[in-house]
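The values are calculated or read from the model by the stated rules, or taken from the named source; none is laboratory data. Keep in mind the model is a prediction, meaning the values are calculated, not measured. Backbone-built Cβ (ideal geometry, glycine too); neighbour counts: all protein chains shown.
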Amino acid sequence: MPRYYYGENAGRPIQAGGKRYAFEILAIAGGTQQGVLAVPDEEVAAFLAVAGRWVEEIDAAAYADALEKKKRAIRSQPTPDSPPPPRPGPPLKGRGAVVVEGGSVAKAAVEGLPEKLDEAITLGRAEPPMTETEGRKVPESRRQNQREKRGT
């Protein structure tokens with residue numbers, strides 16, 4: 001009659017006495033695989049010599065119950081995709097805005113669009129960018145540097 005064991009870190013098989021014992025993985029909790037294993041009586045001593053610290057013995061009923069739970073679908077059924085939200089309606093101002101009068105919808109007249117690119121863009125002079133030497137003022141002493149850092 002075999003003996004049954006439960007292991008918290010059951011991801012890798014255990015090699016003992018020239019045999020390899022692979023757990024039946026039940027669940028993954030916190031990145032650790034949990035599983036159960038049946039070991040024949042004549043191989044228990046060699047198995048426990050290697051894995052005695054990582055496994056705990058369970059009875060046959062707990063082993064059968066664990067395998068039965070594995071067969072059942074414990075995941076929830078997938079939910080269908082929700083429909084997209086309705087369109088918010090026409091824009092209130094700007095390009096494409098509409099004017100609603102009573103029950104009819106009329107497009108707003110767009111006024112004063114530039115005909116040339118030069119009319120749409122205004123060019124001017126900008127200040128030259130600051131260089132590193134202009135932007136930073138080097139303190140004369142360490143004490144002055146500390147005072148500037150503290151803001152006093």
So for region 108-118 (the condition being surrounded by 10 or more Cβ atoms within 10 Å (Cβ to Cβ), acidic (Asp, Glu), at pLDDT 80 or above and out of contact with any Cys (no Cβ under 9 Å at 6 or more places or on another chain)), does at least one residue qualify?
no
Output the residues belonging to region 28-44 that are small (Gly, Ala, Ser), assigned to a strand (DSSP E or B) and without any contact (Cβ under 8 Å) to a residue 24 or more places away in the chain.
29
Of all residues in region 5-25 being touching a residue at least 12 places away in the same chain (Cβ under 8 Å) and in a loop (DSSP other than H, G, I, E, B), the one that is nearest to residue 61 (Cα to Cα):
23
Within region 133-141, is there a residue that is out of contact with any helix residue (DSSP H, G or I) (no Cβ under 8 Å at 6 or more places or on another chain), at pLDDT 75 or above and not aromatic (Phe, Trp, Tyr)?
yes
The lone exception for residue 26 - which of (1) under 18 Å from residue 71 (Cα atoms); (2) modelled with pLDDT of 90 or more it fails
(2)
Read through the list (1) surrounded by 10 or more Cβ atoms within 10 Å (Cβ to Cβ); (2) modelled with pLDDT of 70 or more; (3) part of a loop (DSSP other than H, G, I, E, B), then give the number of the only condition that residue 91 fails.
(2)
How about region 11-40: which of its residues are under 25 Å from the mean Cα position of the chain (by Cα) and under 14 Å from residue 54 (Cβ atoms)?
11, 32, 33, 34
